[in-house]
Each structure stands twice: as structure tokens, then as C-alpha cells.
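To start, the structure under review is shown below, and the notes come after it.
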Amino acid sequence: MGTVNVRFFAHIKEQVGKEEITLDIPDSSSLKQFRIKLEEAIPAMKGIHHQTFRIAVNQELVAEEAQLRDGDEVAILPPFSGG
């Protein structure tokens with residue numbers, strides 16, 4: 001078991017009513033497992049479709065296959081576009 005620090009940004013922070021939480025996760029959790037734990041900890045996340053936010057781990061955007069480890073910093077980011 002490990003812990004990750006989760007930070008929320010922009011409208012997601014407003015919807016969940018928190019800027020940051022610490023979340024217990026199983027070792028080498030997948031993003032799917034992380035989302036389940038996050039929804040258990042913050043039920044408001046159930047109302048936010050996972051395609052309407054991006055996840056960054058340790059300040060790098062990650063793909064669905066990413067694994068989380070103890071001590072990681074996870075950012076829940078609103079959608080954005082670049083150009």
C-alpha cells in the first residue's frame with residue numbers, strides 16, 4: 001500500500017470542493033484502480049466524466065497504461081488545447 005498526493009485544478013477543483021487530498025492506493029496501481037479509489041474518496045468525481053480531464057503524474061501527462069507508485073504527485077487537469 002502506498003499514498004499519492006492528488007491536486008485538482010480549475011473547474012474540477014470547484015466541483016469537488018478541494019484543492020488537494022492524499023489518497024491511499026495499492027502498490028503499482030493502474031489509472032483505472034486510481035479512479036475507483038478517487039471516486040470512493042470524493043463522490044463528486046463520479047459526476048465528472050473521465051474524458052473531460054487529463055491526468056499528470058509527477059508533472060508529466062500520462063497514458064491510460066500508466067502505473068502509480070507510492071509518493072507520486074497526481075494532477076487532475078481540465079481539458080486544454082495547444083497550438
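The values are calculated or read from the model by the stated rules, or taken from the named source; none is laboratory data. The model shown is predicted, which means the values in this text are computed figures rather than measured ones. Every residue, glycine among them, receives a Cβ derived from its backbone with ideal geometry; neighbour counts consider all protein chains shown. For accessibility, only protein heavy atoms count, side chains too; no ligands or nucleic acids. Shrake-Rupley method; radii C 1.70, N 1.55, O 1.52, S 1.80 Å.
Overall, the accessible surface of the chain at a probe of 1.4 angstrom is composed of carbon and sulfur to the extent of 47 percent.
Between N5 and A63, the FRET efficiency from the beta-carbon distance, with R0 = 25 Å, is close to 0.75.
Give the relative contact order (percent, whole number) for the chain; include only Cα pairs under 8 Å separated by 6+ residues. Relative contact order comes out at 42 percent.
Can you tell me the convex hull volume per residue for the chain, based on C-alpha atoms, in Å³ to the nearest whole number?
On the way: hull volume 7.1 nm³, N = 83.
Expressed per residue, the convex hull around the Cα atoms of the chain is 86 Å³.
Remark: relative contact order (the range 41-82) = 43 percent; criterion is Cα-Cα distance under 8 angstrom and separation of 6 or more residues.
If r is the Cβ-Cβ distance from F80 to K18 and R0 is 25 Å, what FRET efficiency results, to the nearest 0.05? The value I calculate is 0.75. On a per residue basis, the chain carries 62 Å² of accessible surface, using protein heavy atoms and a 1.4 Å probe. Amide hydrogen proximity for S29: with H placed 1.01 Å from N in the peptide plane, the residues at 5 or more positions away or on another chain lying under 5 Å are L68. Dipole magnitude for the range 1-43: about 120 debye, using +1 per Lys or Arg Cβ and -1 per Asp or Glu Cβ, origin at the Cα centre. Computed 3J(HN,Hα) for the range 28-36, one whole-Hz value per residue from the Karplus formula 6.51 cos²θ - 1.76 cosθ + 1.60 where θ = phi - 60°, is 6, 5, 7, 4, 4, 4, 4, 4, 4, glycine and proline marked x.
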